[in-house]
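S.K.: Would you mind keeping the following structure in view while I ask a few things?
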Amino acid sequence: MKKIFTFIAFFLAFHFCSAQYFQATIVKDNNDLIFKIRPNPGGGDISTGWSDIEFFVRWSDSSPTFAFGAITVNNTDFPGVVIPNNGRNIQGTEVGYINNWFGISFSATPANTYTDGMEYEVFRVALNVPASSIPFELVHNSFFFPHYLALVSNSGTDLTNPDDIFFYGPDALICDPNCPATTFGNNHVDSGSIVVDWYADLDGDGFGDPDSSVRAAGQPSGYVANNTDCDDMFDTVFPGAPEICDALDNDCDGVVPADEIDDDGDGFSECEGDCDDALATVYPGAPELCEGIDNDCDGQVDEDIVFSDYYQDGDGDGYGDEFPVVDCQPPGANYVLLDGDCDDTDDTVFPGAPELCGGWDNDCDGVVPAGELDGDGDGFSECEGDCDDLLDTVFPGAPELCDGLDNDCDGVIPADELDGDGDGFSECEGDCDDTLAAVFPGAPELCDGLDNDCDSQVDEDIVFSDYYQDGDGDGYGAGAPANDCQPPGANYVLLDGDCGDTDGTVFPGAPELCDGLDNDCDSEVDEGLSFDADNDGFTAVGSCEGTADDCDDTDATVFPGAPELCDGLDNDCDGVVPADEADGDGDGFSECEGDCDDLLDTVFPGAPELCDGLDNDCDGAVPAGELDGDGDGFSECEGDCDDTLATPSRARRSCATGWTTTATGLSRLMS
């Protein structure tokens, strides 16, 4: 009793509501009563130990005896034992009894982890008699306890919920907070109902599914007590049901009638009208086939079947010979609907076949393609790889010839047959260097250090000369000669004797300059540059002494400031010859020499007079015979026989036997 009151005081001190709690269950298993718990589903795992578990029951006997070795009710001993689940550190002790109810206390230390949704056995009462013979009620004491089963954690938290206490099992008691209650002082006694198994009846045929059940005190909606339905998806299937044509075991005898089975897999059974359930091509509505049977089960054979001409196909190419056989299906494995095979022994020959390189008419169009013919008689056609069927030296595997052709048709012309430098010769034709256009058989030999004509000689018949290096570019060289057939360098020349090859004004024959050098290489310096050669008082240009401005020191009439003479010279050295001294028309006379028209080479002093109306001899007079006295367009020297008369009639009288002038020109008069 001391234990009980100590527990009650302890329990009242720590009871609070918790969102994470246990569901507790008492299950009747044969002769055992099993107490199980599980974390509230969806609330998460619970890791805890227990300071106490109290299990309170009320017995019919007013003074039962309870011990771990046995239970005594109504003076009857029930041999058995309370077995804690020591595998989870659970130990059990007897609490005692008061007012005809008893408590069994368990604890679990250290803590265990209880996984969300999994169920764990806490203890069982093992009896040797049916548990149903032990009358008991679950005690709910509202004063001392908030509900009739308490799980108390090590921290003092109540881990049960009065709405989640369930009792089930065959003939067990079930009670929840909505059960009827009887008041005994401060005690509430919840009397339970009998719990049985109920089976789901999904098809509503009154027979339940043995694999889908619940345990309840009353019949749940959609459930029945019977569990003999062999297919709870069909309300036509249940024990004793009449068999119908649906391929199901309607009466649940384990056998589907043979005429409901589709033996040939065509979708119809015999009870559905299949007139031959051994053939998949025979069933109601099947297409009628040409096979001598009633395919569509309408009592007729091969109705509405089309008959056609079939041709024997000897080579299996899909086209047959010209002799048809009429039937509704091929009369043999090698019969086809297409004819026209022009060679029924060759499966590459049929109408529309691709042409092959065989030299025959594959597509049966009556023509052998030109590419399959050997045009040049070399044993190969174009389709066989002849790359030029007009030349019999060109075919696959032919020996290569020196002809610039791809003789063997390998797609490559040998390099030695190609004219690499465009000189008209290939290597095989004797070009000894096909990278140089100046080298080929018969080429002119050049001074280039090469065998230009490919005769194995270099630069034969070429003239070699001495070349001298010209250091100042004046056309004359100096030093030792280089004997070669061409200048060995850009600054080599054929002339030597330059006595100053670093100065371009010094070379043999150069004009002597007043520069202290032997310009002309005659071993004299500035010779002839200090004298007035023509004694006109002026020294020549470039003279080292005197005026050094005489533009022509060989003519005494030429010097700076000299009077201009009619001699065609620049007498005054001003750089200009007067225009009247020039012979403009090349007749040998200038204006200053009396040429009265320096634009006409027929006019100059002493020139013969011509019948041209000009003063040819520049004597100041035009001869009268060259003048047209009467203005008729003709002078006497031009044949006017009377230059005083311009009229035609008078002209005829004056020149009756010769040429006469008329208004329209000259005419020949006959005497």
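S.K.: Using a 1.4 Å probe, what is the accessible area per residue for segment 247-289, in Å²?
M.R.: Averaged over the residues of segment 247-289, the accessible area is 51 Å².
S.K.: Return the whole-Å distance between the Cα centroid of segment 490-550 and the Cα centroid of segment 363-379.
M.R.: So the separation of the two Cα centres works out to 92 Å.
S.K.: Among Phe395, Phe464, what's the order by accessible area (1.4 angstrom probe), most exposed first? It would help to have the intermediate numbers written out before the result.
M.R.: Details: Phe395 45, Phe464 95 Å².
Result, largest first: Phe464, Phe395.
S.K.: Probe radius 1.4 Å, ligands and nucleic acids ignored: give me the carbon and sulfur share of the accessible area of segment 264-357 as a rounded percent.
M.R.: 52
S.K.: Cα centroids of segment 268-325 and segment 564-603: how far apart, whole angstrom?
M.R.: Using only Cα atoms, the two centres lie 131 Å from each other.
S.K.: As a test of reading the structure, rank Leu495, Leu405, Leu645 by solvent-accessible area (1.4 Å probe, protein chains only), most first.
M.R.: In descending accessible area the options line up as Leu495, Leu405, Leu645.
S.K.: If each residue of separation counts as 0.36 nm, what is the full-extension length gain between Asp116 and Thr557 once their alpha-carbon separation is subtracted?
M.R.: Taking Asp116 through Thr557 to full extension adds about 144.3 nm, to one decimal.
S.K.: When you have a sec, figure out the Kirkwood radius of segment 372-415 from all distinct Cα pair distances and drop it here in Å to one decimal?
M.R.: Evaluated over segment 372-415, this radius sits at 10.1 Å.
S.K.: If you don't mind, another one. Take the Cβ-Cβ distance between Asp374 and Leu338 as r, set R0 to 30 Å, and report the resulting FRET efficiency rounded to the nearest 0.05.
M.R.: E(calc), rounded to 0.05, equals 0.40.
S.K.: Suppose each label sits 7 Å from its Cα in the direction of the beta carbon; what would the Ser212-Val306 distance come out to in nanometres?
M.R.: 5.3
S.K.: According to a simple spin-label model (label point 7 Å from Cα along Cα-to-Cβ), what is the distance in nm between Met233 and Asp503?
M.R.: 12.9
S.K.: Next question. How much length, in nm to one decimal, is gained on full extension between Ala533 and Val367, taken as 0.36 nm per residue of separation minus their Cα-Cα distance?
M.R.: Stretched out fully, the Ala533 to Val367 stretch lengthens by 48.9 nm.
S.K.: Could you give the length gained by full extension between Asp612 and Ile244, i.e. 0.36 nm per residue of separation minus their alpha carbon distance, to one decimal place? Show your work: numbers first, answer last.
M.R.: Numbers: separation 368, 0.36 × 368 = 132.48 nm, distance 15.06 nm.
Roughly 117.4 nm would be gained on extension.
S.K.: Also, quick follow-up: Over the alpha-carbon set of segment 344-466, divide Rg by the Kirkwood Rh and report the Rg/Rh ratio to two decimals.
M.R.: Working: Rg = 24.3 Å, Rh = 18.0 Å.
When Rh is taken as the Kirkwood radius, the ratio is 1.35.
S.K.: Let me ask another. Using a 1.4 Å probe on the protein heavy atoms, what percent of the accessible area of segment 483-554 belongs to carbon and sulfur?
M.R.: C and S atoms contribute 53 percent here.
The values are calculated or read from the model by the stated rules, or taken from the named source; none is laboratory data. This structure is a prediction, so every number in the text was calculated from the model and none was measured. Cβ sites come from the backbone with ideal geometry, for glycine too, and all protein chains shown count toward neighbours. Heavy atoms of the whole protein, side chains included, go into the accessibility calculation; ligands, DNA and RNA do not. Shrake-Rupley method; radii C 1.70, N 1.55, O 1.52, S 1.80 Å.
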